[in-house]
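The values are calculated or read from the model by the stated rules, or taken from the named source; none is laboratory data. Not measured: the values here are computed from a predicted model. Using ideal geometry, Cβ is built from the backbone for each residue, glycine included, and neighbour counts are taken over all protein chains shown.
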């Protein structure tokens, strides 16, 4: 509700007199209730949007972790069982890359501190 609405109500009350006061108050009350309900619905929609985004991010993070393990196991096994010189350095570099990708993704989906956390 704007200040202008309150001023209009008071001006109308002065012009119309006491006999219309209850109707003016009732009309003003309805407008205030509508404004409060609209803001409440807007806040609820925002909370639901954030919750859906958080759920989606968790699912993507879980999927990335699973894919990382599925890819990491062969990367680890092949150099170890290969008849040639097993390269521990290659395995370490590969796993550091996998960990780096997972950490970068986890940091990118972390909620920003733009407001209270939604759980």
Matching residues in the range 42-59 (surrounded by 13 or more Cβ atoms within 10 Å (Cβ to Cβ) and more than 9 Å from the chain's Cα centre (by Cα)) number 1
Hey, residue 21 at pLDDT 90 or above, in a helix (DSSP H, G or I) and surrounded by 10 or more Cβ atoms within 10 Å (Cβ to Cβ) or not:
no
Exception for residue 84 within (1) without any contact (Cβ under 8 Å) to a residue 60 or more places away in the chain; (2) part of a helix (DSSP H, G or I) falls at (2)
